[in-house]
Amino acid sequence: MEIRLLRYFVAVASQQTISAAAQQLHLSQPTLSRQLSDLENELDTTLFIRGNRKISLTADGQYLLKKAQEIIQLTDKTTANFKQKDETLSGEIYIGAGETKGIQVVAQALKKLLQNYPAIQFHLYSGNADDIMNKLDSGLLDFGIVIEPADKQKYDYMHLPESDTWGVLMHKDSPLASKEEIRSEHLDDKALIISRQTTVDSELSGWLGQEITNLNIVGTYNLLYNAAQMAKEKLGYVLCLDRLIDASIDNSLVFKPLTPKLEAGLNIIWKKNQFFSTAAQEFLQELRKTIENGYESPQ
């Protein structure tokens, strides 16, 4: 299976018509149609449902689209890291991170790196630990910043000098908004919105003293900004990390910490026996220096 054919396939899936995809790819329509037929023959399946106005994907086509996008991204990532001009270090660094203020130490290391090597580019992907680990395993990311707890057995890692505090984000008129701290019994009968990250469940279950599934979970979230909008509409209490949504700016929301205090440490992880590009190696060295030189967390 050629990368060229996968690019053609992705273009048609995106444009949903042969004519539009052919124009984008600077090919004739008969040529593109023949290439797609060759791809279907090679895979011995039907990838498209050809309608009167547009083309849609079969179940096999949808599966191939996801894999083709990953393959193309990995190919482009690998090619970019070989394109170094003269003696100037270049290349691309792919970093995945959960929502955390602790990303600041990574930002400081990247800033120093780009000052020394301005031809380097970095790409950030936001997601929870499950998303990030999947992309690390697929080779689509070089590094992942994950919030504890996280299963790091498959990875090498470095602890970051930051931690986040768990608490509850809620509307200012909520019954719990007047409390200085939130105890587990305060949440027993409340509508809760929790992170979709699977490992967080066990951490919160330990703090709550019971299984998360025993509580009134009305929703889950992947990115906190969207969950905060649910809290503004009084849909529930959002269990989340502090400092991600500035409740002092949005006066309709308040954040209250859990007690006993529950903190989440941070680690940067990468695949064991990873072969890094030169750019990724330099980033890791710069990050170590940033930490060793006494990184101070901004207030």
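The values are calculated or read from the model by the stated rules, or taken from the named source; none is laboratory data. As the structure is a prediction and not an experimental result, all values here were calculated from the model. Glycine gets a Cβ as well: all are built from the backbone with ideal geometry, and neighbour counts include every protein chain shown. What goes into the accessible areas is simple: the full protein's heavy atoms, side chains included, and nothing from ligands, DNA or RNA. Shrake-Rupley method; radii C 1.70, N 1.55, O 1.52, S 1.80 Å.
Only a single criterion out of (1) closer than 30 Å to S90 by Cα; (2) under 20 Å from the mean Cα position of the chain (by Cα) is not satisfied by A227, namely (1). Of all the numbered requirements in (1) in contact with a Leu (Cβ under 6 Å, 6 or more places away or on another chain); (2) in a helix (DSSP H, G or I); (3) of a type in the set (V, I, T), I194 misses one, and that requirement is (2). With respect to the conditions (1) without any contact (Cβ under 8 Å) to a residue 40 or more places away in the chain; (2) under 25 Å from K272 (Cα atoms); (3) of a type outside the set (G, A, S), Q62 falls short on a single one, namely (2). The single condition among (1) modelled with pLDDT of 85 or more; (2) under 23 Å from the mean Cα position of the chain (by Cα); (3) within 24 Å of G167 (Cβ to Cβ) that K271 does not meet is (3).
For the stretch 176-199, which positions are touching a residue at least 60 places away in the same chain (Cβ under 8 Å), closer than 23 Å to I145 by Cβ and open to solvent by less than 20 Å² (accessible area, probe 1.4 Å)? Once the filter is applied, which keeps residues that are touching a residue at least 60 places away in the same chain (Cβ under 8 Å), closer than 23 Å to I145 by Cβ and open to solvent by less than 20 Å² (accessible area, probe 1.4 Å), the stretch 176-199 yields S195, Q197. Each residue in the stretch 253-272 was checked for being touching a Leu at 6+ places or on another chain (Cβ under 9 Å), among the basic types (K, R) and farther than 30 Å from D173 by Cα, and 1 pass. Evaluated against (1) among the β-branched types (V, I, T); (2) touching a Phe, Trp or Tyr at 6+ places or on another chain (Cβ under 6 Å); (3) part of a helix (DSSP H, G or I), T78 falls short on exactly one condition, (2). Considering the stretch 1-50, the residues that are touching a residue at least 24 places away in the same chain (Cβ under 8 Å), more than 30 Å from the chain's Cα centre (by Cα) and under 20 Å from E70 (Cα atoms) include one that is most open to solvent (accessible area, probe 1.4 Å), namely E42. Can you spot a residue in the stretch 159-173 that is in contact (Cβ under 8 Å) with a residue 12 or more places away in the chain, open to solvent by 30 Å² or more (accessible area, probe 1.4 Å), small (G, A, S) and touching a Leu at 6+ places or on another chain (Cβ under 8 Å)? Looking for residues that are in contact (Cβ under 8 Å) with a residue 12 or more places away in the chain, open to solvent by 30 Å² or more (accessible area, probe 1.4 Å), small (G, A, S) and touching a Leu at 6+ places or on another chain (Cβ under 8 Å), one finds at least one in the stretch 159-173, hence yes.
Scanning the stretch 200-218 for residues that are open to solvent by 30 Å² or more (accessible area, probe 1.4 Å) and either in contact with a strand residue (DSSP E or B) (Cβ under 8 Å, 6 or more places away or on another chain) or under 22 Å from A97 (Cα atoms) (or both) returns D201, S202, E203, W207, N216, I217, V218.
Within the stretch 51-63, not a single residue is open to solvent by less than 30 Å² (accessible area, probe 1.4 Å), hydrophobic (A, V, I, L, M, F, W, C) and in a loop (DSSP other than H, G, I, E, B).
Restricting the search to the stretch 219-256, which residues are of a type in the set (A, V, I, L, M, F, W, C), out of contact with any helix residue (DSSP H, G or I) (no Cβ under 8 Å at 6 or more places or on another chain) and open to solvent by 30 Å² or more (accessible area, probe 1.4 Å)?
L223, M230, L235, I249, F255
Residues of the stretch 1-50 that are charged (D, E, K, R) and assigned to a loop (DSSP other than H, G, I, E, B): E2, D44. Can we say G144 is open to solvent by less than 70 Å² (accessible area, probe 1.4 Å), within 30 Å of K234 (Cα to Cα), part of a strand (DSSP E or B) and modelled with pLDDT of 90 or more? It is false that G144 is open to solvent by less than 70 Å² (accessible area, probe 1.4 Å), within 30 Å of K234 (Cα to Cα), part of a strand (DSSP E or B) and modelled with pLDDT of 90 or more.
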